[in-house]
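Peer 1: This structure is in structure tokens; I'll ask about it shortly.
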Amino acid sequence: MGRGRVELKRIENKISRQVTFSKRRSGLWKKANEISVLCDAQIALLVFSTKGKLFHYSSHDSSMGRILERYEQHTHSQKKVDTPYEPKENLNLDYPKLVSRLELLQRNMRNYAGEDLDPLSTRELQSLEHQLNNALKRIRTKKNQVMHESISQLQKKEKLMVDQNNALKKQMKEKQATEESREQKEKEGGGSEQRGGAEEDGDGAPPTDSNALIPPWLLDRVKRR
């Protein structure tokens, strides 16, 4: 005797409903993973429990954000093809999508900051860790580049300061040599003036010979006496 068809209806017992929800959710995740692996499909599942708790699943090589973004691009392109003109009234229909997108981005930001990690599965945590590692590598690469550029600029400034210092030293030496040469010339000029004055004084009062003033005949008589 075959098993009768079970009627699908809401389970009234809260405990049974919660147990059934957990079992069926695990089975749904398993089936989604199977179709993703077997058919190379990108899958994203969103489930809200009766308490409002969010459960989500994405295929191994895809994140939930990328799949939702692809979905939005696809639906947006499809709308453009189907309706070449979109009235302004239909713009209000995009508001819930934008709100959902904003909530998703905020949740991703919290996950990147290490918050609200309890709802994430092991695979989602591994994907988040992989994304953070890649981001950290890019940050370190950029930091090293900035540090090398800063060091290069500092080295250029140091070389410029050394050149300026050497130029100032050279100017000071030249100025000092000029002053010493001027002082030496002044000293030599002062000595020449003193010697010249002494010579002029000597020429003005030369020694005289008293005998040169006596006549020769008188001098001869004086010698005879």
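The values are calculated or read from the model by the stated rules, or taken from the named source; none is laboratory data. Note that the coordinates shown come from a computational prediction; the quantities given were computed from them, not determined experimentally. Note that each Cβ is placed from the backbone with ideal geometry, even for glycine, and that neighbours are counted across all protein chains shown. For accessibility, only protein heavy atoms count, side chains too; no ligands or nucleic acids. Shrake-Rupley method; radii C 1.70, N 1.55, O 1.52, S 1.80 Å.
Peer 1: Grab the beta carbon distance between L28 and L154, set R0 = 41 Å, and tell me the FRET efficiency rounded to 0.05.
Peer 2: Working: r = 60 Å, r/R0 = 1.45.
For L28 and L154, the calculated efficiency is 0.10.
Peer 1: Stretch D94-Q126 to full length: gain in nm at 0.36 nm per residue minus the Cα-Cα span? Before the final figure, lay out each step's value.
Peer 2: Details: separation 32, 0.36 × 32 = 11.52 nm, distance 3.24 nm.
Gain in length upon complete extension: 8.3 nm.
Peer 1: Starting from the Cα of K137, step 7 Å along the direction of its Cβ; do the same at L117; then give the gap between the two resulting points in nm.
Peer 2: The modelled label-to-label distance comes out at 2.1 nm.
Peer 1: What is the local net charge at V162, summed over the other residues whose Cβ is closer than 14 Å to its Cβ (Lys, Arg +1; Asp, Glu -1)? Could you put the intermediate results ahead of the total?
Peer 2: Working: positive: K156, K157, K159, K169, K170; negative: E158, D163.
Once all neighbours under 14 Å are counted, the net charge is +3.
Peer 1: Roughly how many Å² of T178 are accessible to a 1.4 Å probe, to the nearest 10?
Peer 2: 90 Å²
Peer 1: Right, here's the next one. Report the FRET efficiency, 1/(1 + (r/R0)^6), for V146 and L102, where r is their Cβ-Cβ distance and R0 is 30 Å, rounded to 0.05.
Peer 2: On the way: r = 32 Å, r/R0 = 1.07.
Efficiency for this residue pair is about 0.40.
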